[in-house]
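Let me begin by presenting the structure, written as structure tokens, before commenting on it.
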């Protein structure tokens, strides 16, 4: 399957005292550590043998190939290094990618600042999931084309960022005091009944449908 993959994560967090942290975790790095950047502070490199980094209400850990950011009472985010699928193929040997998981630690569906973004917009306060366009070609070799059309508000280009640590895109909520949920009425993807859950959600939760399952767009 020729398509996109996650190879690095860049996180911007503003703590409850106003400190702003820039966090980086890269699957292609041989050092296997996370980098923590903060203005006027030296860069911190956090490895698997290091104790968790605590900054106000934010906890950052690297353990067992997993990078975790916990914002107390808000969000739990993790990125796990994984080997490429079909690792015996010459093109995939020794390559790694990143699997993401996110978990709301509060009632995100009723936040006065409604979450947004590719997956954040799913916390829209209703009980309806929306399925976007999927790549259904199950040939031995295929190239992905679906961009979750029909399941996301706007166009996929509305979610592009100028730099890794940029916080601005069309539907950005960063530093907002009030924001409404997405307008689900403008989405034309297939509807499905959904229910709230306290469990983390990640790419592995997409139903498998053959070897190219990872190209399917989950309901958001």
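Over the chain, what is the relative contact order in whole percent, taking alpha-carbon pairs under 8 Å and six or more residues apart?
18 percent.
Ranking 131, 2, 116, 155 by Cβ neighbours within 10 Å, fewest first, what do you get?
In order of increasing Cβ crowding within 10 Å: 2, 155, 131, 116.
Between residue 50 and residue 35, residue separation times 0.36 nm minus the direct Cα-Cα distance comes to 4.2 nm.
Residues considered: 30, 66, 170. Largest GNM mean-square fluctuation over the chain, using C-alpha springs under 10 Å, is found at 30. Normalising the average separation of contacting C-alpha pairs (under 8 angstrom, six or more residues apart) by the number of residues puts the relative contact order of region 1-106 at 20 percent.
Residue 113 to residue 15: extension gain in nm, 0.36 nm per residue of separation minus the Cα-Cα distance?
33.6 nm
One decimal place: the segment residue 165-residue 141 gains 5.2 nm when fully extended, by the rule 0.36 nm per residue minus the C-alpha distance. Shown here: P(r) over Cα pairs in 10 Å bins from 0, in percent, derived from the displayed model; of the candidates [x] 8, 33, 38, 20, 2; [y] 9, 38, 39, 14, 0; [z] 7, 29, 36, 22, 5, 0, it corresponds to [z].
Where both bridge residues fall in the chain, DSSP classifies roughly 95% of the beta bridges as antiparallel. Using alpha-carbon positions, what is the distance between the centroids of region 42-83 and region 140-156, in Å? Centre-to-centre (Cα) distance: 30 Å. Each of residue 66 and residue 8 was given a label point 7 Å from its Cα along the Cα-to-Cβ line. The distance between the two points is 2.4 nm.
Each reported figure results from applying straightforward, stated rules to the coordinates on display, with no laboratory input. Just so we're clear, the structure is a prediction, and the values are computed from it rather than from any experiment. Positions of Cβ are backbone-derived with ideal geometry, glycine not excepted, and every protein chain shown enters the neighbour counts.
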